[in-house]
Structure formats: C-alpha cells, structure tokens
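This report refers to the structure that appears directly beneath it.
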Amino acid sequence: MTIFKKVTEGAKSIGEGARTIGKKSSDLVETTRLKMEISKLEKEMENNLSALGNLVFMQHKGEEGLEEEVDRLLRSTGELETEIAEMHEQIVRLNPKPPTCPSCQTQLPYVAKFCYICGAKIINDNPAE
C-alpha cells in the first residue's frame, strides 16, 4: 500500500469520525433542548393542576359558572401531557439504548453479535448509525 493510499484512507476515517462526532453533538444539543422544553411544560401542567384544584374547591364551596374554566384547564392539561410524551419519545429516538443480552442482561456494544459474558446470540434492534 502506498503512502498516498494510506493517507487517503486515514483522511476518510477522520472525516467519518468527525461526522459521527458532529451528529452526536447535534443529538446532545437537541436532547438538552427537549429536556428544557419538557421542564417548562411540566411546570405549566403543575400550574394547571393547581388551578383546577382551586376551581374544584370553589365549586365545592358553592360558586357557580366555573365549568368552562375547568374544561379549558382539563383540555390544556391533556394537551400538555401529550406534548411531553411526544418529546420523551423524541429523546428516546435520539439516544437509543445499547443492546442487552437476553440471557444474562449484560449491556453490550452496539456492534455485538454475541454476548461477551455468556455467548448468547444478540439481536440488535437499535444499531448505531
């Protein structure tokens, strides 16, 4: 193999590594953004639930005409819950878990074909990109 060919292959390898690092960095930034958004939505949901509790108590005390506000808060809270669940799913897609041995439950590298502890065959549903 010539020096030029070795240098070319090395450069390709470095380029692939840089792309992988870039993707991982991008995924980390997106995961952090999603977690911050989830935190914000959870706080909003807490506020809704607190307001709902106050409205229910006010209804218990005999106040009338609060049904529309209760319905609005219930819908809003349900929508927030759905948004939060979708964001959690996005986080899972961005950060797939490495495979686990079905026999001994050892966490394995993404590229594993067999468990290095017990030798069981591994079926990897989340291969690394």
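Quick note: the coordinates plus some simple rules give every number you see, no bench work behind them. This structure is a prediction, so every number in the text was calculated from the model and none was measured. A quick note on method: Cβ atoms are made from the backbone with ideal geometry, for glycine too, and the neighbour counts reach across all protein chains shown.
Condition check: out of contact with any Cys (no Cβ under 6 Å at 6 or more places or on another chain) and surrounded by 14 or more Cβ atoms within 10 Å (Cβ to Cβ). Does residue 45 satisfy that? It would help to see each step written out before you state the result.
Details: out of contact with any Cys (no Cβ under 6 Å at 6 or more places or on another chain): yes; surrounded by 14 or more Cβ atoms within 10 Å (Cβ to Cβ): yes.
So residue 45 passes the test.
Regarding residue 36, is this residue surrounded by fewer than 12 Cβ atoms within 10 Å (Cβ to Cβ), of a type in the set (A, V, I, L, M) and in a helix (DSSP H, G or I)?
Numbers: surrounded by fewer than 12 Cβ atoms within 10 Å (Cβ to Cβ): yes; of a type in the set (A, V, I, L, M): yes; in a helix (DSSP H, G or I): yes.
It is true that residue 36 is surrounded by fewer than 12 Cβ atoms within 10 Å (Cβ to Cβ), of a type in the set (A, V, I, L, M) and in a helix (DSSP H, G or I).
One line per residue, one yes/no per condition, for (1) part of a helix (DSSP H, G or I); (2) in contact with a Leu (Cβ under 9 Å, 6 or more places away or on another chain); (3) of a type in the set (A, V, I, L, M):
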position: 8; (1), (2), (3): yes, no, no
position: 13; (1), (2), (3): yes, no, no
position: 21; (1), (2), (3): yes, no, yes
position: 25; (1), (2), (3): yes, no, no
position: 31; (1), (2), (3): yes, yes, no
position: 44; (1), (2), (3): yes, yes, no
position: 53; (1), (2), (3): yes, no, no
position: 70; (1), (2), (3): yes, yes, yes
